[in-house]
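Bear in mind these aren't lab numbers, they're just calculated from the coordinates by the rules spelled out. Just so it is clear, the model here is predicted, and its values are computed rather than measured. Cβ sites come from the backbone with ideal geometry, for glycine too, and all protein chains shown count toward neighbours.
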Amino acid sequence: MSAPNNVSGRRRPRVSPFVWLRRNLFATPFDAVLTVGLTVLLAWGLWSALQWAVIDATWVGDSRAACEVRDGACWAIVTARWRQVVAGFYPEGHLWRVAAAGICLAMAVSPVVVRKGWSFALAPLGVVGAFAFLGGAGILPRVPTEYWGGVFLNFLIGVSGAVFALPLGILLALGRRSHLPIIKLLTVGFIEIVRGAPLITLLFMASVVLPLFTPTGVSLDKLTRALVVITLFESAYMAESIRGGLQAVPKGQAEAARALGLGPWRTTGLIVLPQALSVAIPAIVNTFIGLFKDTTLVYVIALLDVTGVMRQALADYSWQGLEAEAYVFIALVFWITCFAISRWSARLERTGGRLKEAR
Amino acid sequence: MGEGRRRLQRLTGGWGGLALQVGLVAVLVATAWWMGHNAEVNMQTRGVASGFEFLDRPAGFDITQTLVPYEPTDTHRRVFLVGALNTLLVAALGIAAATGLGLLAGVLRVSRNYLARTAATAYVELARNTPLPVQILVWYNLMLVAPPPKDALGIDGLIFLTNRGLYLPKPVFNAEGGIAFAAAGAAVVVGALLASWLKRRRTFTGHAPSPRWGWALALAGVVAALVATGNPTGFDLPHLEGWGFTGGVSLAPALTALWAALSFYTGGFIAEVVRGGLNAVSPGQGEAARSLGLDEGQALSLVVLPQAMRVIVPPLASQYLNLTKNSSLAVIIGYPDLVAVFAGTSLNQTGQAIETLALVMVFYLVISLSISAFMNWWNSRSAVWAVSR
C-alpha cells in the first residue's frame with residue numbers, strides 16, 4: 001500500500017529537543033495555544049481516569065457494597081466472577097479443558113506467524129482439538145455448549161470462524177475471478193448478498209430461520225448455528241480481501257506457469273495463490289479484527305460471551321449499577337487484543353508481508 | 001474448430017468446467033428443494049402459512065418514535081415503513097456527524113502539532129479497536145446517567161441534554177412553508193446545473209465565469225424563497241415545563257446514544273480514510289502548486305484535495321454503508337429501527353421468520369447496491385479525469 005519509509009531518499013537529520021519542541025508544539029501562535037489547551041485537557045482527563053480506574057479503585061469484594069467505601073471503580077464485579085468472565089459457566093472441575101482448548105486455539109492461529117506450508121495443517125487441527133476438549137468428544141464427560149462462555153467463547157468463535165472462513169473465502173475469490181459464467185454468477189451473488197446484510201439479521205436468521213430448514217426433530221445447538229452463520233458471513237469478506245491479493249499478482253506469473261506446462265489447478269495452487277495470500281495477509285488480518293469485535297453480537301441471540309456474562313452480572317441485584325466497570329472491562333479486553341493484532345499487521349504491511357525484515 | 005465453438009469452449013471451460021458447473025447447480029437445486037421441503041413441513045406443524053398476506057394484518061403494537069403517523073391498528077406494512085425511515089434517520093444523522101468527526105481527526109492526525117496528532121491517534125485507536133455493541137451500551141448508559149430535566153446540561157434556550165433525551169430548537173413554518181421549500185429546492189437545482197455548466201465551459205474554453213456564481217445563485221434563491229414567504233416565522237425553543245421539556249425537536253435517549261456511538265465508531269474509520277487520502281498525494285504536488293503562484297488555500301482546494309478525493313471517496317462510501325448496516329445494532333438499546341421493529345416485534349408476532357428477514361435483507365441490499373453503483377460511477381468519472389488531463 002504505502003511506500004516504505006526510507007525509499008524517498010530524504011533522511012531526517014537528528015534534531016535537538018528544543019528544535020523538536022519548537023517544530024512540533026510551538027510552530028505558530030495558534031499551535032502554542034492548541035498545545036497549552038490540549039496539555040491541560042489531556043492531563044486532567046488522564047489524571048481523573050487514572051484516579052478512577054486505579055488509585056481509588058476497589059479490586060476485590062463480594063458485592064457492590066464492598067466498593068462503597070471508596071470513590072473509584074469497582075473491579076470486584078470482574079474479580080468476584082472471574083471464572084464466568086473467562087470461561088462462562090463451564091463446570092469448575094473441568095477448567096483445565098478450557099486451558100487445553102486455549103492452547104489448541106493458539107496452535108490454530110500459529111500458521112499466520114510461522115507461515116510454512118506444513119503449519120497450515122495446524123489450523124484445522126487446532127480448532128478440532130479445541131472443540132474436542134471442550135465438548136468431550138466421547139472420551140471426556142460431555143459439556144453441552146450452553147455452559148461455554150466468557151472471553152473464551154469470543155476467542156473460540158473468532159478463531160474457528162476465521163479458520164473455516166479462510167478456505168471458503170479462497171474458493172469464493174477464485175470463483176469470482178473464474179470465467180465459468182455460472183460459478184461467477186453464484187459467487188458474486190453470494191458475496192454481494194452477504195456483504196449487503198448486517199450481521200445481526202444473519203444471526204437472527206441463524207436463530208429463527210435455520211431451524212425451519214432442518215428436518216423436523218433434528219436441531220443444531222445455538223452455538224453451531226451461530227458459527228455456521230458467522231463463518232459464511234466472514235468468508236464473503238475474506239473473499240474480497242483475497243481478491244485484492246489475487247489482483248496484485250502480475251498476469252505474467254500465471255502465463256509463465258502455463259508455459260512451463262503446469263495445468264490450471266497447479267498454476268493456481270502453486271504459483272498464483274501463495275503470492276496472492278502473502279499480499280493479502282494484512283487485509284485478512286483486518287477482516288479478522290472486524291470479525292473478532294463482532295463476536296460480541298452473539299449475546300443478542302442469548303449466547304453467553306463476555307458481554308452476555310457481564311450483562312448477566314449487571315442484572316444481579318448485588319452488582320447493579322456497575323455498568324461503567326463492566327463495559328470498560330470488555331472494551332479493554334478487545335482493545336488490547338485488536339490493537340496488538342493491528343500493530344502487528346501494520347508492520348507486516350510496511351515490510352511487504354516479509355517477516356524477516358520486520359525483525 | 002470454428003470461432004464460435006472456441007468461444008463456447010472458453011465460456012464453459014471444456015467438459016471439466018461444464019461438469020463442474022452442472023454438478024454445482026444440481027447440488028444447489030437439490031439442497032434448496034430439501035430445505036424448502038423441510039420448511040414447508042415445519043411451518044405446517046407450527047400452523048404458519050407462508051406468504052406475504054401478514055403485511056396487511058394489523059400490527060397491534062406501539063412504536064415509541066416514528067417519523068410518520070403510526071397507530072397500533074396500522075398494518076405490518078406500515079411497521080416496515082416506520083422502521084425503514086427510523087433506520088434512514090439515524091443513518092443520515094450518523095453519516096453527517098461521523099464525516100465531521102472523521103475529517104477533523106484525519107486532518108489532526110497529519111497535523112504539525114505533536115499533541116494534536118497524538119490525541120487524534122488515541123481517539124482513532126480507541127474507536128476502531130473496541131466493539132461497537134459495547135460502545136453503544138456505554139453511550140446509552142451515559143444518556144441514562146445524564147442529569148434530569150431540571151438540571152439539564154446545555155446552552156440556555158437552545159439545546160439541552162437530559163436523561164430523557166436531547167432537545168433542539170425547531171424552526172416553525174407558516175402556511176406557505178411548502179411553497180418556500182419547493183422554490184428553495186428549485187433554486188438549488190438550477191444553481192447546481194448552472195455551476196456544472198460553467199465548470200464545463202471553463203474546462204473546455206478557459207473563458208467562463210467562476211462556477212461559484214451558480215452556487216451563489218442557488219443560495220440567493222433559497223434566501224429569497226424564505227424571505228418572500230416570511231419563513232421560518234420563528235423557532236420553537238425547548239423549555240422546561242413541570243417535570244420535563246416541551247417544544248422543539250426531541251431525540252429519545254436511545255436515538256441520541258445510537259447516533260453518538262455510530263458517529264464515534266465510524267468517525268475513527270473515516271479519519272483513517274482521510275489520512276490515507278492526504279498521504280496518497282505526493283508532497284511535491286502542493287509544493288509545485290505553491291511555486292506556480294497559487295496561495296495555500298488554492299493549492300489545497302485545486303490541487304491537493306481533488307487528488308486526495310479520488311482515494312478518499314470509494315472507502316468513504318463503504319464506511320457510510322457500514323454505518324447504515326451497523327445502525328441495526330439499535331436492537332440492543334431498543335431504538336425502533338427496521339431490524340428491531342420488523343425483524344424483531346413483527347416477526348415474533350406473526351411467526352413469518354423467512355418473509356420478514358428476507359424483506360429486511362432486501363432493504364439493506366438495495367442500499368448496498370446503490371452505494372456500489374455510486375462508487376462505480378465515481379470511479380469511472382475519476383478515471384476519465386485522469387485520461388483527459
Kirkwood Rh, Cα Rg: Rg to Rh for chain B? 1.04
From phi via Karplus (6.51, -1.76, 1.60), per-residue ³J(HN,Hα) for the range A:143-155 in Hz, x at Gly/Pro: 10, x, 5, 4, 8, 7, x, x, 4, 4, 4, 4, 5
Within the protein assembly as shown, the cysteines whose Cβ lies no closer than 4.7 Å to any other cysteine Cβ are A:CYS104, A:CYS338
Given a 10 angstrom Cα cut-off, can you work out which residue in B:GLY14, B:GLY177, B:GLY36 is the most mobile in a GNM of chain B? B:GLY14
Please enumerate, by chain and number, the aspartates and glutamates with C-alpha under 17 Å from the C-alpha of B:LYS150, excluding those fewer than 8 residues away in the same chain. B:GLU241
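Using only the alpha carbon atoms of the range A:39-123, find the Kirkwood hydrodynamic radius as the inverse mean reciprocal pair distance, in angstroms to one decimal.
On the way: mean 1/r = 0.0606 Å⁻¹.
The answer is 16.5 Å.
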For chain B, what does the helix formula give at 222 nm: sum of -39500 (n - 2.57) over DSSP H segments with n ≥ 4, over the residue count, nearest 500 deg cm²/dmol? -22500 deg cm²/dmol
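Mind checking the full-extension length gain between A:ARG22 and A:VAL114? Use 0.36 nm per residue of separation minus the Cα-Cα distance, one decimal, nm. Spell out each step's value before the answer.
Numbers: separation 92, 0.36 × 92 = 33.12 nm, distance 4.45 nm.
Full extension from A:ARG22 to A:VAL114 adds 28.7 nm.
Based on a Kirkwood Rh over C-alpha pairs, give the Stokes-Einstein translational diffusion coefficient of the range A:199-246 at 10 °C and viscosity 1.306 mPa s in µm²/s.
Details: Rh = 11.8 Å.
Value of D from the Cα-based Kirkwood radius: 134 µm²/s.
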Per-residue mean of other chain beta-carbon atoms within 10 angstrom of the beta-carbon, peptide B:120-130? 4
Once both label points are put 7 Å beyond Cα along the C-beta direction, the B:LEU365-B:ARG117 separation in nm becomes 4.7
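Take the alpha carbon gyration tensor of the range A:96-248, find the square roots of its eigenvalues, order them as a ≥ b ≥ c, and report rounded if a/c is under 1.5; if not, report prolate when a/b exceeds b/c, else oblate. Working shown, then result.
Numbers: a/c = 2.32, a/b = 1.27, b/c = 1.82.
Judged from the Cα gyration tensor, the range A:96-248 comes out oblate (a/c at least 1.5, b/c at or above a/b).
Over the whole of A:288-296, what's the average partner chain Cβ count within 10 Å per residue? Rounded to a whole number, please.
Values: counts 0, 2, 3, 0, 2, 9, 3, 2, 8.
Partner Cβ neighbours, averaged per residue: 3.
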Under a 5 Å amide H to amide H cut-off, with H placed in plane at 1.01 Å, what residues pair with B:THR75 once short-range neighbours are removed? B:ALA59
How well do other chains shield peptide A:200-211, expressed as the mean number of their Cβ atoms within 10 Å of each residue Cβ? 6
Rg and Dmax of the range B:72-142, using alpha carbons, in Å: what are they? 17.8, 60
Mean-square fluctuation check for chain B, GNM, Cα pairs under 10 Å: which of B:TRP139, B:TRP259, B:TRP33 is largest? B:TRP33
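Percentage of Cα-Cα pair distances in the protein assembly as shown greater than 47 Å, rounded to whole percent? Display every interim value, and only then the final one.
Details: 77956 of 279378 pairs.
Roughly 28 percent, rounded to a whole number.
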Row for the range B:235-371, column shape: gyration tensor on C-alpha, a ≥ b ≥ c, rounded if a/c < 1.5 i.e. under 1.5, prolate if a/b over b/c, else oblate; value oblate
What are the ³J(HN,Hα) values, in whole Hz, obtained from phi via the Karplus relation 6.51 cos²θ - 1.76 cosθ + 1.60 with θ = phi - 60°, for each residue of the range B:219-228 in sequence order, with x given for Gly and Pro? 4, 4, x, 5, 4, 4, 4, 6, 5, 4
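Please label the shape of the range A:203-359 as rounded, prolate or oblate, based on the square roots a ≥ b ≥ c of the eigenvalues of the alpha-carbon gyration tensor (a/c under 1.5 means rounded; beyond that, a/b larger than b/c means prolate, else oblate).
Values: a/c = 4.74, a/b = 1.63, b/c = 2.91.
Note, shape of the range A:203-359 comes out oblate.
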Using a Gaussian network model on chain B with a 10 Å cutoff between Cα atoms, which of B:ALA271, B:ALA180, B:ALA343 fluctuates the most? B:ALA180
Using alpha-carbon coordinates alone, the radius of gyration and Dmax of chain A in Å work out to 24.9, 78
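Could you compute the FRET efficiency for A:ALA100 and A:ALA346, with r as their C-beta to C-beta distance and R0 at 41 Å, rounded to 0.05? List each step's numbers first, then the result.
Values: r = 32 Å, r/R0 = 0.79.
For A:ALA100 and A:ALA346, the calculated efficiency is 0.80.
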Charges only on Cβ, +1 for Lys and Arg, -1 for Asp and Glu: so what's the dipole of the protein assembly as shown about the Cα centre, in debye to the nearest 20? 3740
Whole angstrom only: what separates the Cα centroid of the range A:206-277 from the Cα centroid of the range B:26-71? 31
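Roughly how many debye, to the nearest 20, is the charge dipole of chain A about its Cα centre, given +1 on each Lys and Arg Cβ, -1 on each Asp and Glu Cβ, and no other charges?
On the way: 32 positive and 19 negative charges, 395 e Å.
Value, rounded to 20: 1900 debye.
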So how compact is the range A:256-310: Cα radius of gyration and Dmax in angstrom? 19.7, 60
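Work out the FRET efficiency for A:TRP52 and B:VAL249 from their Cβ-Cβ distance, taking R0 = 35 Å, and round it to the nearest 0.05.
Numbers: r = 34 Å, r/R0 = 0.98.
E(calc), rounded to 0.05, equals 0.55.
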Please give the Cα centre distance for the range A:302-354 versus the range A:132-191, rounded to the nearest Å. 22
